Amino acid sequence: TGEIKAGYLDLLRKAKSVERQSAKPTSGFQLASVVGLALRLITPEAFQNEIANEMDDPVLLRSERVAATVVTVLSHLAPTVRNCVNDWAKKTRHSRTNANNLIKLSAASHDVRNWSKSVGSPLRKMLRSEEDGRLASGLYALGEIALEKRCIDPVWLEANDNFAALLDVALASLSSDHEMVRRQARVALKKAGHEEALRQVLAKPQFPEAYRLELARFLDEQSGVDLVRLRVDGMLRAF
């Protein structure tokens, strides 16, 4: 309704004002929560014009948490998802935002050739990054894309050789010096259904002893956990 839209606009403007008046960027938790509230209160039709213009604000780029939330909101409420999300992602260097962008683009791409160009190529760049944070975000995107495709279009995974090559990066990242990179690599391979590959890595004598325990613990915790069924059940409940 008009009252809900007006109330949300007022709340969003006040939240942005608080962030703008801060001497330095905050964690963005409060502002991200307000931005994300649009998914519960605003329809795609109501999102246009005023709210869309309010979202196109540099203050929303100060925090990686907020920028990533904007990508999620745009992907659900903007009419031309691909253009809106891409335009926003170009404005930020936040790796989390770029990862969310690739996940949304992948969900809308069913042609392998088109996927390789619009998603595979930029994802490959993230996975080749020497910045641990960017690599970890790329691995997160890799896992989410793999799980989404396993749920919706498992044949797509079998037909996409380029995606299989990206999973090799996850295997190599299991021995990274950075804890977040190792964790995201483990999770990505689990989401991709490659739990056996994780066990094979654990069995290799050359695998660093320092990381052996955490990988063994992860496999033990995830034993019998069917991520595909959990995701599909969640999707069904959403309907």
Against the longest alpha carbon principal axis of the chain, how many degrees, from 0 to 90 and to the nearest 10, is the axis of helix 161-172 turned? 70 degrees
With no solvent and one point per C-alpha, what does the Debye sum give as log10 I(q)/I(0) for the range 1-72 at q = 0.21, 0.24, 0.26 Å⁻¹? -0.85, -1.09, -1.26
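Using a 1.4 Å probe on the protein chains only, how many percent of the accessible area of the range 105-173 belongs to carbon and sulfur? Please report the intermediate quantities before stating the final value.
Values: 1600 of 3290 Å².
Here it works out to 49 percent.
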Please give the helix 95-107 orientation as an angle from the longest Cα principal axis of the chain, in degrees from 0 to 90, rounded to the nearest 10. 80 degrees
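Rounded, prolate or oblate: which fits the range 94-213 when a ≥ b ≥ c are the square roots of the eigenvalues of the alpha-carbon gyration tensor, with rounded for a/c under 1.5 and prolate only if a/b beats b/c? Write down the numbers at each step before the final one.
Numbers: a/c = 2.24, a/b = 1.44, b/c = 1.55.
Judged from the Cα gyration tensor, the range 94-213 comes out oblate (a/c at least 1.5, b/c at or above a/b).
If you take the beta carbon distance between ASP153 and SER17 as r and set R0 to 41 Å, what does 1/(1 + (r/R0)^6) give as a FRET efficiency, to the nearest 0.05?
Details: r = 44 Å, r/R0 = 1.06.
Given R0 = 41 Å and the Cβ-Cβ separation, E is 0.40.
For LYS125 and GLN206, what does the FRET efficiency come to when R0 = 35 Å and r is the distance between their Cβ atoms, rounded to the nearest 0.05? The partial results should precede the final answer.
Details: r = 28 Å, r/R0 = 0.81.
My answer for the efficiency is 0.80.
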Mind checking the alpha-carbon convex hull of the range 151-226 and giving the volume per residue in Å³? 95 Å³
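Please find the FRET efficiency linking GLU196 to ALA107, where r is the Cβ-Cβ separation and R0 is fixed at 35 Å, and quote it to the nearest 0.05. Kindly include the intermediate steps, with their values, before the conclusion.
Values: r = 26 Å, r/R0 = 0.75.
So, using R0 = 35 Å, E works out to roughly 0.85.
Would you compute, from DSSP H runs of 4+ residues alone, the mean residue ellipticity of the chain at 222 nm, taking -39500 (n - 2.57) per run and dividing by the full residue count, rounded to the nearest 500? Please list the in-between numbers first.
On the way: 17 runs with 176 residues, N = 239.
Helix contribution divided over all residues of the chain: -22000 deg cm²/dmol.
Just the number please: accessible area per residue for the range 105-239, 1.4 Å probe, all protein chains included, in Å². Could the numbers behind the result be given before it?
On the way: 7440 Å² over 135 residues.
Accessible area per residue: 55 Å².
Can you tell me the mean projection area, over all orientations, of the convex hull of the chain's alpha carbons? Units nm², please.
Values: hull surface 57.7 nm².
Average projection, Cα convex hull of the chain: 14.4 nm².
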Quick one: helix 132-152 against the long Cα principal axis of the chain, what's the angle to the nearest 10°, folded into 0 to 90? 90 degrees
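The values are calculated or read from the model by the stated rules, or taken from the named source; none is laboratory data. Since we're looking at a predicted model, the values are computed, not measured. Glycine also receives a Cβ, built like all others from the backbone with ideal geometry; neighbour counts cover every protein chain displayed. Just the protein is used for accessible areas: all its heavy atoms, side chains included, with ligands, DNA and RNA removed. Shrake-Rupley method; radii C 1.70, N 1.55, O 1.52, S 1.80 Å.
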